[in-house]
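Contents: one structure, followed by commentary.
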């Protein structure tokens with residue numbers, strides 16, 4: 001399968017790309033030792049899982065696609081995207097980085113911080129940009145992107161995948177009605193026009209920030225938890241949370257250092273590590 005022109009241009013923009021098709025061996029991309037770049041794929045996370053389980057690529061690995069046809073969200077949800085979206089999955093061996101098992105559930109929040117920092121570094125983030133617990137990015141109360149962390153077992157030990165979908169140049173006019181009603185894109189928010197060259201630049205910036213954030217998570221840097229708490233878009237808002245067996249409601253009281261959402265139901269402050277926040 002030929003590599004798309006934008007992906008070829010990324011070599012000159014950011015650095016050489018290694019693909020499973022055997023392109024150049026030298027990498028200048030941040031963090032990753034292998035970058036698999038393809039025009040289209042069913043799911044970047046499914047492709048990453050196949051490669052990781054086969055043990056044929058060096059980690060950290062990023063799988064980047066211009067289009068994916070079966071992108072997955074949380075639970076049974078699908079992720080709609082188009083060629084203007086930034087779609088990639090990062091795969092790491094947590095043991096290589098010294099990441100403790102108890103810190104793995106915080107990876108989605110840490111990755112969200114990395115994405116926010118990357119957008120700010122490229123002057124693409126407005127003041128309303130933040131985290132909608134547990135793993136969405138929002139701007140102006142509209143969904144800008146999502147993250148899907150997964151733990152997979154391999155013959156070589158367990159690995160962590162973090163799938164990312166970010167609406168960059170995404171044409172939401174072509175999206176399903178339910179997506180159009182609650183989503184936005186960087187292009188829609190930007191004062192300056194954006195073109196396709198922003199996609200590889202943004203990918204490299206996110207990988208660069210994630211490299212730093214991962215090290216801080218491993219070191220137990222308390223400022224990292226302060227960051228995701230300050231970026232919490234549910235703080236001081238009335239939140240309805242579906243936890244599977246019931247719906248609980250309360251005032252958002254921040255995301256704690258362990259990654260739990262804190263809700264004040266008027267009697268006590270409850271902590272939740274999972275669930276679906278219901279939109280109004």
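Please treat every number below as a calculation from the coordinates, not as lab data. Keep in mind it's a predicted model, so treat the numbers as computed, not measured. Reconstructed Cβ throughout: ideal geometry from the backbone, glycine too, with neighbour counts over all protein chains shown.
Details
- Rounded to the nearest 10 degrees, the inclination of helix 107-121 to the longest alpha-carbon principal axis of the chain is 70 degrees.
- Relative to the dominant Cα principal axis of the chain, helix 44-54 is inclined by about 60°.
- Computed helical MRE - 222 nm, the chain, DSSP H runs ≥ 4 contributing -39500 (n - 2.57), nearest 500: -8000 deg cm²/dmol
- Cα gyration tensor category, rounded, prolate or oblate, for the stretch 134-278 with a/c compared to 1.5: oblate
- Here the peptides 134-141, 180-187 are ranked by packing, the mean other Cβ count within 10 Å, and the order with the highest first is 134-141, 180-187.
- Helix 198-219 and the long axis of the chain differ in direction by around 60°, with both axes built from C-alpha atoms.
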